Amino acid sequence: MLSCLMAFTACIGPHKPVPTQGSQSTQVPAEAEPAQERVDREAARPEPIPPVPVVPLPVPPMARTPAEVSGPPTAQAEVPVVDVKPVLVVAQSEAYKVEQANTATKTDTPIMQTPFSVQVVPQQVLRDQQAVRLETAVQNVSGVIVQRGANGDTSDSFVIRGFNVDRTYRNGVLGGGSNGQGKREMANVERVEVLKGPGAILYGRSEPGGIVNIVTKQPLATPYYSVQQQFGSYNFYRTTADATGPLTKDDTLLYRVNVSYEDSGSFRRFMKEDTLFVAPVLKWNISPRTQITAELEYLHFDRTREFGTPVIGNRPAPIGRHDTVVDPGFNQNLGDRYFAGLHGTHRVSADWEASLRLSYTHLKTAVDNNLFFNFAQPNGDLERLYFNGPSTQRNYQATFNLTGHLNTGAARHTLLAGYDLFYILNKFAGDNAVPAPPFNIFAPTFSNPAPVFDQGSYNGSNAETWHGVYLQDQIELPYRLHLLAGVRYDYALGKDNHAGLTTYQEDRLSPRGGLLWQPLPWLSLYGSYTESLGPSNVFFRTDGVKMRPQSGQQWEAGVKTEFWDGRLRMTAAYFDLTKQNIAVPDATNLLRLRPVGEAQTRGIELDITGEILPGWQVIAAYSYLPFAKITHDVADDGAGNATAGGTGNRLFLAAKDSGSIWSTYEFQGERLRGLKVGGGMVAVGERQGDIANTFQLPGYVTANLMASYQWHVGITRLTAQLNVNNLFDTNHFAGSDGFNSAMFGTPRFFMGSIRMEF
């Protein structure tokens, strides 16, 4: 009987894991390649490295399905050929360590050969942490601090290397402005890549602190389906579904659809969030050389803006973390976000490939009523204002890239030439603010008033246009030297359409260079220099004063090393980053922004990710930022007299020390197979709550735990999981709006889930 079963198993082959984007090509089977192109391609390849002998390791016994037995079939046995497809799915890639990333160079360069600090939060980490918010993912990266409270806590905003980053990228395309992008939906996120330092040479309109790039899930040739139900504290309910596979027998047409619905409350009174998200993708493999991918996203949101807790003196007001200063029914943020994208690639020859990416984003906020407040008085009195301001935002972007490989003597080149165009149009139509009823934070009295607005009294429209042309050359030299050189030309124009003003006009040439030496396969030493041109703030500037775009320069040096046969990677980096023309609130008019002359940060970062032992994964990060100050600032005291402004002040939310660690262990023995446990901590030191350093946020440490169990029922894989965030219920402040309020961090939070995959 055992021999028969073994023979059957040998016929159908081993069960294959569910393919991921990094492990499976979604192209159709290759046609016969032209002979000359094949010869040219083979000639350009480096000499192969002799394979390292692999010594088989003892493998613990595994649970067997009815189709599995031990021992090979006898030589005399005639094995019948049976066409049977695998019936069991196996977990997606469980690796915490990712070998290469696209964000730093746009050329899929191995991280060990990239002369910049780039970190990847892969799919398995997102699953283990149940990361339903982008902020959960980026906490795994050194030098990144979440700015809770930005834009009423409805947008993703971070502080990277001491500087604010309020825009994210989606597959290398700018997502939108901070006032309208909203929090990134995670249902279709494959992984998160973070490039620290200026990335403007490849992305144009970016902040010098870094780039947060979302890589979305793409269609796969192997059918895969999953449904997950999550439930948690404070009436949190979330349902997601994922489906992918071929639409044609020859795999020329592939699809993927991700759907999510969330209905959640909050530990803060009167706060809620309801969202519906649908993201279909269609990929057409026209030929082995040409592919076109069409993407859509639709997000409907109905959420409550959270402006936090008022400040008294140099600390947030001493009220409970459940208490709010917003009347029920206000701070409603209701609207829809549409995204459409088209991405085409064509392999011109064996060594050259062209790609074109087009995208359009339309955000319409139908209801945006807000209850603002000022600094609280020592006795608790708080001045509040009603404001209503629906808005629309349209983003257009086009990016063309040409990538190729060529040799010049002993040097091997990877060339990238590109052009990108970005256009954003914002329109605001609102009502003048009107006073709210008297309020005391220590004796709150809530009402649901219907204020009478001066209808249509506020209108605004601004537009930004960016053109960029860039060239990059990655050169592989003898003795394992890697040289990167690049340059970009930008032309940027900002206009206040309502006031009829040109708010900024700039053109600039920005260089980028890096040198990496890899003396051993497991060791890389690198240094780099980068410049950038970033966005200006065109809002609320009605006095005719032009605001120059922000600029940045960075020196970086570091070491990358791998341990235990490449299973674990460590990156240590030192950086010196300078930024000019930072927009901050004008003390004479809080509805107007002014530029800060110059600010600088210097620090050390450490990132570790990978596998320590079989089944034992870890991702850890630490940042030491001793210097993060405004080095030059000239302000106006309101009477026409120049002052030192904020010179010498520490940048807000730039903690001197911050770090995190997360680790999981999946049991390898037979008796506990399928069980995974893990946990970690997030630590953030004291931070300045605003650019004027008028109040501070105390440091904090939170602990998190998880446990999951996976089993099979027929062809279905089931996973039950429980996460506990802020295990010890630490009372802490997670951020501020940068003006006059602080944001409480979430108390102890339980999240359970059940996921079905087949």
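The values are calculated or read from the model by the stated rules, or taken from the named source; none is laboratory data. None of the values given here were measured: they were computed from a predicted structure. With ideal geometry, Cβ positions are generated from the backbone for all residues, glycine too; neighbour counts draw on all protein chains shown.
From the list I160, I201, which residue is crowded, with 22+ Cβ neighbours inside 10 Å, in contact with a Phe, Trp or Tyr (Cβ under 8 Å, 6 or more places away or on another chain) and either of a type outside the set (G, A, S) or in contact (Cβ under 8 Å) with a residue 60 or more places away in the chain (or both)? The unique qualifying residue is I201. If you check G430, G329, G404, G389, which single one turns out to be surrounded by 19 or more Cβ atoms within 10 Å (Cβ to Cβ), among the small types (G, A, S) and more than 30 Å from P280 (Cα to Cα)? Of G430, G329, G404, G389, the one residue that is surrounded by 19 or more Cβ atoms within 10 Å (Cβ to Cβ), among the small types (G, A, S) and more than 30 Å from P280 (Cα to Cα) is G430.
Within the span defined as region 131-140, one or more residues are in a loop (DSSP other than H, G, I, E, B), surrounded by fewer than 22 Cβ atoms within 10 Å (Cβ to Cβ), on the phi < 0 side of the Ramachandran plot and not β-branched (V, I, T). Taking (1) in contact (Cβ under 8 Å) with a residue 40 or more places away in the chain; (2) surrounded by fewer than 24 Cβ atoms within 10 Å (Cβ to Cβ); (3) more than 29 Å from Y526 (Cβ to Cβ) in turn, G149 satisfies each apart from (2).
The rows are residues; the columns are (1) in contact with a helix residue (DSSP H, G or I) (Cβ under 9 Å, 6 or more places away or on another chain); (2) in a strand (DSSP E or B); (3) farther than 30 Å from G344 by Cβ.
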residue	(1), (2), (3)
N379	no, no, yes
L416	yes, yes, no
F422	no, yes, no
K427	no, yes, yes
F446	no, no, yes
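Residues in region 91-106 that are within 25 Å of L484 (Cα to Cα) and assigned to a loop (DSSP other than H, G, I, E, B): K97, V98, E99, N102, T103, A104, T105, K106.
Residues in region 207-244 that are surrounded by 15 or more Cβ atoms within 10 Å (Cβ to Cβ), farther than 26 Å from M751 by Cα and out of contact with any Asp or Glu (no Cβ under 9 Å at 6 or more places or on another chain): 6 in all.
The set of residues in region 490-522 that are in a strand (DSSP E or B) and out of contact with any strand residue (DSSP E or B) (no Cβ under 8 Å at 6 or more places or on another chain) contains only L520.
Residues that are part of a loop (DSSP other than H, G, I, E, B) and buried (at least 21 other Cβ atoms within 10 Å of the Cβ) within region 107-124 comprise T114, P115, F116, S117, P122, listed in sequence order. Per the conditions (1) under 22 Å from the mean Cα position of the chain (by Cα); (2) free of Cβ contacts under 8 Å to residues at least 40 places away in the same chain, the sole criterion not satisfied by L334 is (1). For region 527-550, the criterion of being among the polar types (S, T, N, Q), closer than 23 Å to P626 by Cβ and at pLDDT 95 or above is met by at least one residue.
Within region 705-728, residues that are over 15 Å from S663 (Cβ atoms) and in contact (Cβ under 8 Å) with a residue 40 or more places away in the chain reach partners that are of a type in the set (A, V, I, L, M, F, W, C) and surrounded by 17 or more Cβ atoms within 10 Å (Cβ to Cβ) with beta carbons closer than 6 Å, at six or more positions or on different chains, in the pairs I715/F758; T716/F758; R717/V89.
State the number of residues belonging to region 657-704 that are without any contact (Cβ under 8 Å) to a residue 60 or more places away in the chain, among the small types (G, A, S) and touching an Asp or Glu at 6+ places or on another chain (Cβ under 9 Å). The number of residues fulfilling the criteria is 4.
Just one of (1) under 11 Å from the mean Cα position of the chain (by Cα); (2) under 27 Å from L533 (Cβ atoms); (3) of a type in the set (A, V, I, L, M, F, W, C) fails for L174. It is (1). Checked against the criterion of being buried (at least 16 other Cβ atoms within 10 Å of the Cβ), among the β-branched types (V, I, T) and farther than 25 Å from I754 by Cα, the candidates T290, T252 yield just one match: T252.
Considering every residue within region 512-520, establish whether at least one is aliphatic (A, V, I, L, M), surrounded by fewer than 16 Cβ atoms within 10 Å (Cβ to Cβ) and either within 25 Å of the chain's Cα centre (by Cα) or on the phi < 0 side of the Ramachandran plot (or both). Yes, that holds for at least one residue.
The residues in region 475-488 that are surrounded by 15 or more Cβ atoms within 10 Å (Cβ to Cβ) and within 29 Å of P549 (Cα to Cα) can be counted, and the count is 4. Listed by position, the strands (runs of 3 or more DSSP E) inside region 683-758 whose residues that are under 19 Å from S233 (Cα atoms) number at least 3 are 700-713, 716-725, 749-757. The criterion of at least 3 residues that are hydroxyl-bearing (S, T, Y) and in contact (Cβ under 8 Å) with a residue 40 or more places away in the chain is met, among strands (runs of 3 or more DSSP E) falling completely within region 217-270, by 224-232.
Quick check: is even one residue across region 586-603 polar (S, T, N, Q) and modelled with pLDDT of 80 or more? Scanning region 586-603 turns up at least one residue that is polar (S, T, N, Q) and modelled with pLDDT of 80 or more.
Restricting A463, A429, A485, A492 to residues that are aliphatic (A, V, I, L, M) and at pLDDT 95 or above narrows the list to A485. Cβ-Cβ distances below 7 Å connect the following pairs, each with a first residue in region 288-301 that is farther than 17 Å from L342 by Cα, a second residue that is of a type in the set (F, W, Y) and in a strand (DSSP E or B), and a separation of six or more residues or different chains: L299/F277. Taking the numbered list (1) among the hydrophobic types (A, V, I, L, M, F, W, C); (2) surrounded by fewer than 21 Cβ atoms within 10 Å (Cβ to Cβ); (3) more than 20 Å from the chain's Cα centre (by Cα) in turn, F277 passes all entries but (3).
Search region 730-758 for residues being charged (D, E, K, R) and more than 19 Å from E135 (Cβ to Cβ), and hand back the single one that is surrounded by the fewest Cβ atoms within 10 Å (Cβ to Cβ). Result: R755. Is at least one residue of region 676-685 of a type in the set (V, I, T) and surrounded by 22 or more Cβ atoms within 10 Å (Cβ to Cβ)? Within region 676-685, one or more residues are of a type in the set (V, I, T) and surrounded by 22 or more Cβ atoms within 10 Å (Cβ to Cβ).
Yes/no per residue for (1) more than 30 Å from R488 (Cα to Cα); (2) surrounded by fewer than 19 Cβ atoms within 10 Å (Cβ to Cβ); (3) among the aliphatic types (A, V, I, L, M):
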site: Q377; (1), (2), (3): yes, yes, no
site: Y423; (1), (2), (3): no, yes, no
site: N459; (1), (2), (3): yes, yes, no
site: V469; (1), (2), (3): no, yes, yes
